[in-house]
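The values are calculated or read from the model by the stated rules, or taken from the named source; none is laboratory data. Predicted model only: the values in this text are computed from it and were never measured. Here the Cβ positions follow ideal geometry from the backbone for every residue, glycine too, while neighbour counts run over all protein chains shown.
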Ligand SMILES: C[S@@+](CC[C@H](N)C(=O)[O-])C[C@H]1O[C@@H](n2cnc3c(N)ncnc32)[C@H](O)[C@@H]1O
C-alpha cells in the first residue's frame, strides 16, 4: 500500500483504548474466568519450558501460526507493565513483514452472518441479532460472548481473547472515576467523554431489548463488559474497507497484527490483500537492532483521540492541536450573509476561503501552535495564523459590527488598522476566556496516583500549552502597542494616564484645570502617575469604571482644543509635537462629530474644561462626540499597576490620518511588532 493510501486508512481507523497495565479482573460478577495479569505475567516470566506448560502468549502464537497466520521468526511478543504486550526484534529482521493475519482468523460481526461466505461462521445465539442491532454493537456482543462463555477455552478465539486487556486495566476516559474526570475539567474531552458514555449506554439499552426479544440471556452482557468490548474495539480494531471491499465499513479485529504499540514516527506499511489477509510491514526494517521494540503507526493522532480511543497519550505530541467551537449568533450570521460577508471576495486577510463551502458546523476546527507539522493557516496578518479562517472571519464580522462599519465600505485587500485591531481584541478576549478554564501548571509532575491521571495530565497540559501559546501570541501584539512613556510616533494603546501626560506636555494650563477636576470629582491625585493609575482603575462612576468617564471628559477637552486650533483661536503649547491634535484628527476620521448634542452633566464639564462658559455649545457637542467615541472604541485591558492586577480602560490611537506606516504593526511577526 502506498503512503497516501496508508494515511487515508489510518485517518479513518476507528478509535481505540488501552492495554493490560495490570490485568486484575475488576468485574464484580464472580470469579474471573480469564487469568489475572499477575497470573499471566507469572506465566510469561517463570515458565518452565520443559514442563509442557504453555504461556498465554505462546498459546496465542501457536494458535495463530497453525491457523494460517505468519509471525516473523525474528521477533518476539513480550509483555511489560508499561507497554503491555508488544513486539521486539530478537535479531536483525530478515524481512519487512512482521505479522500477517488471514481473514479466516479475524473477529467481527460478520462471523455471525451465516448468509455470507467471506469469513468462517460461528455458532451462537447472537446469530439471531444480525440486522437487529448495528454491526459494531453486534461485534461488542460477540466479543463479550467469547470472553464470558462458561466453556471459553473451547471458543474459536480463546487464545486471542486470553491475551486481551481486562476491564481493570482500561485507561480510556470511559473508565475514569470522578477523581480522574476532574483532571479533564476545562478540556474538550470532558464533554466528549460524557457524550461517548451516553451513546454507549444507549447502544447497550437497545442491544438489551433485542437480546430479550430473541431470547438470549442478557445477564452475560452487563454494561461493564459491553464497555470493555467497546474499548477493545476502539483500541485495536481496523476498518474493513480495504480487506473486505464493497461492503459497508465495520470494525474488524486482526489477532497478533494488533499487538504492536504506537509510535508517531514509526515507518510502516499496511498491506491489505482484499478477501485474503492483512500484513504489517516495517519500512526501515534494515535499521532495526536486536532488542528494539517494533512499532506500528496509528497515524498522526492528537492526544484527545489517543486518550479517548486508546487510553494513552504522547508527551509533546507533534500533531497536537486545540479544538475550538465558536459560532456567530444565528441572527448576526444571517445579517452578515445578507451583507455578502460570506462571499469569497469579502473574506479578509487573504485567508483560504474553502471554509465557505464546507459544512463548518460539522468539521472540528483547531488552533495550531507555531511550528505545527501541518503548517499554520494562510493569513496576511502573522499573529492570526494559529486561528482557523472561519473563526477569524467570525471575529472580523463582529469587529465590523462593533465599529459600526458597513462591510461594503471596506476593501478586503487593505483593511484599516483599526478594524484589524478590533478583530485582534475580539480574538484575544475569546481565547483568553477559553484559556481560563485550562490554567497552565506551574510545574511539571513526574509521579501520578494512576496511569489514567498520568495520561490525562499529559493531554491536559498539551492542550493548555497550545491555547495559552495562542493567547500569548495575540497578547504580545497588544503589549507591543501599549505605550507608556515619551512622544508616540506611531499607533499606540494608551490609558488616561498616558493621554493626560500628553495633555500636560502640550496644554499645561488645561491639564492643571483637568487635574483639579479629577481631585474634586473622584478624589484622585495626578501628581504621581502610578498612584493615579492605581486609584482610577479601582473607582467606579455609576455602574461603570470611572476611567471611562475620565476618557469622555478628556476627549471632549481635546476636541475643543483641536477645533479651536482649526479655527485659529488656540495653539498647542509645545508647537510641533501636537500629538493631541494628531489623535483628534484620527478619531474624527473614525467617528465624525455629531451635529446635535445629547444630555450631559454640565456642572461636571465645568470642573474639567477650562473656559467652558465661553464655549458652552462647542463643549457640549464635543462631549456628545466623546461619549460616543468612548462607548464605541474604548476597551478594557488587564495589567499590573504597583504590583496589583487592575483593569485599565484604553484607546487605540493613531497620529493623524493618511499615515501609510500606521498599519505596519499588522504585518510584523508578534515578537517584532
Ligand atoms: C493495538 S493495542 C497494542 C497492543 C497492546 N500493547 C496489548 O497489550 O495488547 C493498543 C493499545 O496498546 C497500548 N499502547 C499502544 N501504544 C502505546 C504507547 N505508545 N504508549 C502507551 N501505551 C500504548 C494502549 O493501551 C493501546 O490501547
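Hey, any hits in segment 252-270 for a residue that's away from the ligand (no atom under 16 Å from the Cβ) and in a loop (DSSP other than H, G, I, E, B)? No, segment 252-270 has no match at all.
The lone criterion from (1) crowded, with 21+ Cβ neighbours inside 10 Å; (2) farther than 20 Å from residue 558 by Cα; (3) touching a residue at least 60 places away in the same chain (Cβ under 8 Å) left unmet by residue 430 is number (1). Going by the conditions given, is residue 305 in the same structural domain as residue 191 (by TED's automatic domain parsing), within 28 Å of residue 355 (Cα to Cα) and either over 28 Å from the mean Cα position of the chain (by Cα) or surrounded by 15 or more Cβ atoms within 10 Å (Cβ to Cβ) (or both)? It is true that residue 305 is in the same structural domain as residue 191 (by TED's automatic domain parsing), within 28 Å of residue 355 (Cα to Cα) and either over 28 Å from the mean Cα position of the chain (by Cα) or surrounded by 15 or more Cβ atoms within 10 Å (Cβ to Cβ) (or both). In this structure, residue 275 does not satisfy being surrounded by 20 or more Cβ atoms within 10 Å (Cβ to Cβ) and touching a residue at least 12 places away in the same chain (Cβ under 8 Å). Within segment 233-251, take every residue that is more than 16 Å from the ligand (Cβ to nearest atom) and under 29 Å from the mean Cα position of the chain (by Cα) and give me the one that is surrounded by the fewest Cβ atoms within 10 Å (Cβ to Cβ). Applying the filter and picking the extreme gives 249.
Residues checked against (1) assigned by TED's automatic domain parsing to the domain that holds residue 368; (2) in a loop (DSSP other than H, G, I, E, B):
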site: 440; (1), (2): yes, yes
site: 467; (1), (2): yes, no
site: 498; (1), (2): no, no
site: 527; (1), (2): no, yes
site: 530; (1), (2): no, no
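Test residue 132 against the criterion of being modelled with pLDDT of 95 or more and touching a helix residue (DSSP H, G or I) at 6+ places or on another chain (Cβ under 8 Å), and give yes or no. Steps first, please.
Values: modelled with pLDDT of 95 or more: yes; touching a helix residue (DSSP H, G or I) at 6+ places or on another chain (Cβ under 8 Å): yes.
Criteria met by residue 132.
Inside segment 409-429, can you point out the residues that are outside any helix (DSSP H, G or I), out of contact with any helix residue (DSSP H, G or I) (no Cβ under 9 Å at 6 or more places or on another chain) and farther than 13 Å from residue 663 by Cβ? If the condition is that a residue be outside any helix (DSSP H, G or I), out of contact with any helix residue (DSSP H, G or I) (no Cβ under 9 Å at 6 or more places or on another chain) and farther than 13 Å from residue 663 by Cβ, then no residue fits.
Anything in segment 286-300 that is at negative phi and touching a strand residue (DSSP E or B) at 6+ places or on another chain (Cβ under 8 Å)? List them, or say none.
288, 289, 290, 292, 293, 294, 295, 296, 297, 298
Residue count for segment 279-296, restricted to those that are within 16 Å of the ligand (Cβ to nearest atom) and not in a loop (DSSP other than H, G, I, E, B): 7.
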